[in-house]
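**Q** Pasting in a structure now, in structure tokens, and then I'll have a few things to ask.
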Amino acid sequence: MSAAPKSPPSFSRAQRWKNIFDRSLRTLFVLAAVAMVNYLGAKFSQRYYLSSETSVKLSPRTQAVLHSLTNTVEVILYFDRHADFYPDVKALLDEYATANKKISVRLVDYVRDAGEAQKIKIKYNLGGTADKDLIIFDCGGHTSTLPSTALLEYGAVGMTEDKKLDIRPVRFNGEVFFTSKLLALQSPKPLKAYFLVGHNEILPNDSGQHGFQKFGQLLLQNYFALSGLNLTANAEVPDDCNLLVIAAPSAQFTEIELQKIDKYLHEGGRLLVLFGAGSLEHVTNLETLLQRWGMSVARDYVKDPDSSDSGVFVGSYGQHTVTAPLPQLSLKLFIPRPVTKVTVPTGSSLQVDELLYSGENSLLAEDLTAAPRKYPLVCAVEQKPVAGVLNPRGNTRILVTGDSIFLGNTAIEYGSNRDFINAAVNWLVDRPQLVAGVGPRSITEFRLLLTDRQQKQLRWLLLGALPGGVLFLGWLVWLVRRK
């Protein structure tokens, strides 16, 4: 009986080599595509944010600081990776590292990596139990440490079931503090801001509703050192004064004090004046000084009948560096005095600009019979350089607001109030790269409220229907293949 003929091989040698070549070529194409995508990703770093809720897009001010950063900075997250808000901190700092390759971010989990945590504790002199969940900025041995607790701002969001205030995180200040730390690390020393005292001014350590504690914190975040200054004695405005702040005075300035301030301005000083409601009842004499610098501050305040509540919403903006980032935002003042540009002599080097205006139907509180119109509420003055004249402090810059309440601890968080004063301060000290503001990010809490019946249905869906559906489809596939 003859042997059964051998079946031919499924693939000839040529066919096998052809398949090998085809697979190799496909693999090379895939690897080439991956390499090109990574190359383009590294070369073109534009990022797109599809959701306002999940994005951590950096503000223009932060991007400007990162663009100017030339030193290498290591950011160490001394964290329990399961701590609240750790993912938010890590995601935000990753954006910093993406924007500037000189920034590196490293996690040291003190719960799961005790050896590395001990090295960090020794290197940065960390001690007690309170030294947890820290952000450490290290720039060539120049270090700065920030506790994670400083990043969160708490507030009442309602009432609990037992009728107590429900206190929860409402704002995340990560970008505010991270950017200020980088600004401090790359600057040799802070600028000096002096707050004038002696006329019932509001000070930056006042934590009341209309106090300036948050305004003072904003200056600290912009790397200012804050001091008080009393000109009633023999003191002059110090040589290291980069910004003189007169915040809501309600008492009279002496002629000697006005002369000292005027001298400071003629030397190229920078002045921020915030008129408060108290100046309506008591003449301060600052109005006379400011008149000589191109501004008139009326002895009255503006009311806007179109405002739905107390205060005056800004209706329009003047063209200026300070207002450039603001028109799409909302800004609100409360008891603003009109601050109007006056005619300066021909040939004067003063440039006076009205920055903020009330609505078209505004009225003066003491003259309700006047025709409704818009009123200027803020003015800025700059003395342009004059040939042959060199001021020791630079070019004079002044910014005057007819209201101080809008920068109080409560109102500064409204709309773009914080962004406005940030831009104003950095314009005054001639830091144009920092004019665009960065404020706290609101924390949005999402809750899913389910009844007992809905919870039971959801439990059956997740534990019964879905796994059961997979098993049923698997059984159908087995049944079809069996036939």
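What follows draws every value from the coordinates through simple rules; no lab data is involved. A quick note: this is a predicted structure, and the numbers were derived from the prediction, not measured. Glycine also receives a Cβ, built like all others from the backbone with ideal geometry; neighbour counts cover every protein chain displayed.
**Q** Students often get this wrong, so check it: of K121/K192; K192/K374; K101/K132, which have C-alpha atoms separated by over 30 Å?
**A** K121/K192; K192/K374
**Q** Fully extended, how many nm does the chain gain between V34 and R299 (0.36 nm per residue separation, minus their Cα-Cα distance)?
**A** Values: separation 265, 0.36 × 265 = 95.40 nm, distance 6.93 nm.
Between V34 and R299, full extension yields 88.5 nm more.
**Q** Near the amide H of I103, under 5 Å away, which other amide H atoms are found, from residues 5 or more places off or on another chain, if H is placed in the peptide plane?
**A** Those lying under 5 Å, H to H, from I103 are V73.
**Q** Let me ask you something else. Using only the Cα atoms, work out Rg/Rh for the chain, with Rh taken as the Kirkwood radius, to two decimals.
**A** Working: Rg = 31.8 Å, Rh = 27.5 Å.
Using Cα coordinates only, the ratio equals 1.16.
**Q** Assign unit charges at the C-beta atoms only (+1 for Lys and Arg, -1 for Asp and Glu), then state the dipole size of the chain relative to its Cα centre in Debye, rounded to the nearest 20.
**A** 3680
**Q** How big is the gap, in Å, between the Cα center of the range 96-145 and the Cα center of the range 341-398?
**A** What the calculation gives is 49 Å, centre to centre.
**Q** Tabulate in residue order the Karplus-calculated ³J(HN,Hα) for the range 279-289, using 6.51 cos²θ - 1.76 cosθ + 1.60 with θ = phi - 60°, rounded to whole Hz; enter x for Gly and Pro.
**A** Coupling constants for the range 279-289: 6, 6, 8, 10, 5, 9, 6, 5, 4, 5, 4 Hz.
**Q** Remind me, what semi-axes does the range 60-168 give for its equivalent ellipsoid, largest first in whole Å, using sqrt of 5 times each Cα gyration tensor eigenvalue? Spell out each step's value before the answer.
**A** Values: eigenvalues 164, 87, 27 Å².
Semi-axes, largest first: 29, 21, 12 Å.
**Q** Also, quick follow-up: Could you tell me whether the range 190-442 comes out rounded, prolate or oblate from its Cα gyration tensor? Rule is a ≥ b ≥ c as square roots of the eigenvalues, rounded for a/c under 1.5, then prolate if a/b exceeds b/c, otherwise oblate.
**A** rounded
**Q** What ranking, highest mean first, results for peptides 93-104, 344-355 when packing means the other Cβ atoms within 10 Å averaged over each residue?
**A** The densest-packed peptide leads the list: 93-104, 344-355.
**Q** Can you pull out the chymotrypsin sites (Phe, Trp or Tyr not before Pro) in the range 103-141 that DSSP calls coil and that have at most 16 other Cβ atoms within 10 Å? Before the final figure, lay out the partial values.
**A** Details: sites: Y110, Y124, F137; in loops: Y110, Y124.
Those that pass, being in a loop and sparsely packed, are Y124.
**Q** If you filter the range 330-430 for trypsin sites (Lys or Arg not before Pro), then keep DSSP loop positions with at most 15 other Cβ within 10 Å, what is left?
**A** R373
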